[in-house]
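Here, each number is a calculation from the coordinates, and none is a lab measurement. Keep in mind that what you see is a predicted model, and the values were worked out from it rather than measured. Here Cβ is always computed from backbone atoms with ideal geometry, including for glycine, and neighbour counts include all displayed protein chains.
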Amino acid sequence: MSIIRGRRRAPAISAVAVGLALVATGCSSGATDAGTAPASSAPAKLSGTVTFWHFFTDREAAAIQTAVDKFQAANPGVKVEVKKGQDDDKTIQAIAAGQPIDVVLSYSTDQIGKFCSTGAWQDLSAYVKRDGVDINQIPPVVRDYTQFDGKRCSMPMLSDTYGLYYNKKMLADAGYSAPPKTMSELTAMAEKLTKLDGKGAIQVAGFVPTFGFYENAPAHFAPSFGASWFTADGKSNIGSDPAWASMFTWQKQLVDFYGYDKLTRFTAGLGQEFSADNAFEKGKVAMMIDGEYRNAFIKAEAPTLEYGTAPFPTDDAKTDLYGAGYVTGNVIGIGRGSQNPEAAWALVKYLSTDTDSVVAVANGIKNVPTTTPALTSPALEKDANYQTFLDVFANAHSSTTPTTASGKAYQDTLGTFAEKWQSGKVTDLAGGLKTVDQQINDQLALGSAP
Amino acid sequence: MTIAVETRSAGRSSPALRAKRRHQRLTVLAFLTPWLLGVAIFFVYPLVDTIYLSFTRYDLLSPPKWIGLTNYRFMFTKDPQVVQAAYNTLWLVAILVPARMLFGLAVATLVTRLKSGLGVFRTVFYLPALVPPVAGVLAFVFLFNPATGPVNQILGALGLPQPLWFNDPTLSKPSLVMLGLWGVGDLMIIFLASLLDVPKEQYEAAALDGVNPWQRFRYVTLPNISPVLMFAAITGVIAALQYFTEAVVAASVASGQATTGGGNSALLGYPEGSTLTYAQWLYVMGFKNYYLGYASALAVVMFVVSLGVTLILLRRARSLVYGAEGTR
């Protein structure tokens, strides 16, 4: 009887074993395919279809489409199929699933480490060398954030640079003729510009300091304090670099001026950041940190607003940093499994280095160009408010967030701490930042577990 | 007796009979094949693959690499977020599920007592369950907006305190419970059907015995609807363990970061992690931070817990559900 049972079990056990083996060996996606090497010379005539996924929507997507149309006009044999509104999550999952996306545009440099290290985006070095593209036309900070571990898997396509936006009329009414240059000036002006109603509720905030509000993030304030994320050996430096403690201390003092609950109630009633109800555009906030793109939003949504821009104020002890700011950028590359890599590279090269194209898109969406010829082009439309960001971009102290093979998880870990800090749940700042270090190091170790 | 004879004769069946039985088995198998394929492709394969991936470092973009128990060690010793997420999820299981069942039963009982307008009230109470979850949460967070929401404006007009609701870490989960109660129509409708199915003769007999309303509910209604209550409990617990959409949307909208594309990612479990659920953390680790191996380990633990809780509830059902196997 037991023999019979054994015979009956054998096929079932075999089937399960085969299934497990299949699952364990090959059913999970993620096989690497670095792409084929380019031809020795660029093809004389391009043809075929190129799929182009980008994240822009609405007005900004229209500017991108205009550039694509010009590329197609210059290359009549190429048809570009544009898919707008595709964020990093969607493109990564599509590439992982084997979908042949030719050209991908990402809005942040956070995932560059992953794109390069995994081969999800193809190495462009051979194309760059073959076509003699001058990489030195790209400023150093941008050259740095478009590659990882020496592997150039992306090219820059405009940049986002952060600075201070201020309501000129409100500042003038309060007796100020210039924006703040240090954090203590910012605090003093924010307090004076704040208006409360009869019950003590905030009606207008001079400056909303809460992390999580619009573009308020530790990463965006960090360059103004000279704060560094990692040590030379790749360990978290947040608990050891006193600049972080300075930043959190300044932020909490301003939060406490308002009262955390009052600030929470006030911000809950404000409009969404990327809408016509944006609090700065509506005059509910006198000063805020934001990217250069806000100029275009204000022009479209609040054209009568009297505002100015300036570099974000610095730590009082580090005034030499004034003029610098947070820089990040859009990066463009060729997806693993591209069906038409030559045409894809031609589009990438056109959108990232063709001066007329870069300038036209920069004028359209008011981002900062990422090549020297475009930055100095007379065709680049710039007024004083936009010029601020060009200057910040060119400042030697401007910096970005480091790229890691684990993406931006380390920023989220600090963000989680920052939220508890500002509400008063954390009383030991130094100890809390050390704990953040440990959490980030543990997370990085998990991502590189042997 | 007839069956015994047939069984005995089957052991000495002729080749023709055996062929006929084989044909019958194949026919049954043919009919079962779509279901078997579905189970194999959509349940067994993902389950086995997830278990395998939980022992690997896998980022979706490169091949998985075996790392043994590292993911599980990280989960149980080095991940503070998973502790918070597990606490929030268990809180929802302990509060949200019983609250929805009690409220659903109360509403259903109320509707059965209506002398007129039964159809109207049944529809009114059921309608919120038809609203897509995202739309429902958006509307709810708007209603409870601390600064501009109608709820706080009414409270203010009455001179009452105006809480921060979804923006307060102590009230965010209770606010989600209120959202769950608002959409209780799905439970209400099955409770209503069950209540209407209780034999009237039993109520009449109880009335003749002079029972009070509590005794009538305890000894007549409850035993009759106990199978439906157990069904609601099991499905409710499983749904609460996987609670995701409502928490994510509420946190995203309340934090003012309901954006896509550029901009910051939504604060995890805003405010202060109070709405971070286990399923949400699993998603963030897997599809935001691309720790797919770790996310698989989280999924395996969630599967084991869900299975364990379900088995315990089913075992308890034998003693609690009237008419179930083993009930005296």
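Just a few scattered comments:
- Spherically averaged projected area in nm², based on the convex hull that wraps the Cα atoms of chain B: 27.7
- Sites A:Lys195 and A:Asp320, calculated FRET efficiency, Cβ-Cβ separation with R0 35 Å, nearest 0.05: 0.55
- Solution diffusion estimate, µm²/s, Stokes-Einstein, region A:106-183, Kirkwood Rh from C-alpha pairs, 25 °C, viscosity 0.890 mPa s: 158
- Across region A:235-241, coupling constants 3J(HN,Hα) worked out from phi with the 6.51/-1.76/1.60 Karplus curve, θ = phi - 60°, read 8, 4, 10, 5, x, 9, 7 Hz, and Gly and Pro carry x.
- The distance between label points at A:Gln137 and B:Gln215 comes to 9.4 nm (points 7 Å beyond Cα on the Cα→Cβ vector).
- Residues B:Ala16 and A:Phe257, FRET efficiency given R0 of 60 Å [Cβ-Cβ distance, rounded to 0.05]: 0.05
- Each of A:Tyr386, B:Leu118, A:Ala268 was placed along the dipole of the protein assembly as shown (beta-carbon charges, centred on the mean Cα), and the one lying farthest toward the positive end is B:Leu118.
- 10 Å Cβ shell holding at most 11 others, DSSP loop, trypsin sites (Lys or Arg not before Pro): longest site-free stretch of chain A: A:200-450
- Sites B:Ala193 and B:Leu47 - FRET efficiency at Förster radius 41 Å, r taken between beta-carbons, to 0.05: 0.75
- Length available on full extension from B:Leu155 to B:Ile95: 0.36 nm per residue minus the Cα-Cα distance, which gives 19.1 nm.
- Amide H contacts of A:Phe56 (H built 1.01 Å from N, under 5 Å, at least 5 apart or other chain): A:Gly85, A:Gln86
- Taking a straight line from the alpha carbon of A:Lys349, these lysines sit under 18 Å away, with near neighbours fewer than eight places off in the same chain left out: A:Lys45, A:Lys70, A:Lys79, A:Lys129, A:Lys151.
- Dividing the C-alpha radius of gyration of region A:326-450 by 2.2 N^0.38 Å, with N its residue count, gives 1.47.
- Dipole of chain A, positive direction: furthest Cα of A:Ala430, A:Ser177, A:Thr309, with charges on the beta-carbon: A:Ala430
- Peptide B:58-70 - average C-beta neighbours from other chains (10 Å radius): 6
- Using the rule -39500 (n - 2.57) for each DSSP H run of four or more residues, divided by the residues of chain A, the 222 nm mean residue ellipticity is -13000 deg cm²/dmol.
- Just so you know, the Cα atoms of chain A work out to an Rg and Dmax of 25.1, 98 Å.
- Peptides B:176-185, B:222-231 ranked from most to least packed, by the mean per-residue count of other Cβ atoms within 10 Å: B:176-185, B:222-231.
- Pairs of Lys residues in chain B, spaced 8 or more positions apart or belonging to different chains, with C-alpha separations under 26 angstrom: 6 in total.
- Semi-axes of the equivalent ellipsoid of the protein assembly as shown are 53, 39, 24 Å, computed as sqrt(5λ) over the eigenvalues of the C-alpha gyration tensor in descending order.
- For A:412-419, mean number of other protein chain Cβ atoms within 10 Å: 4
- The mean count of C-beta atoms from other chains within 10 Å of the C-beta of residues in A:95-102, rounded to a whole number, is 1.
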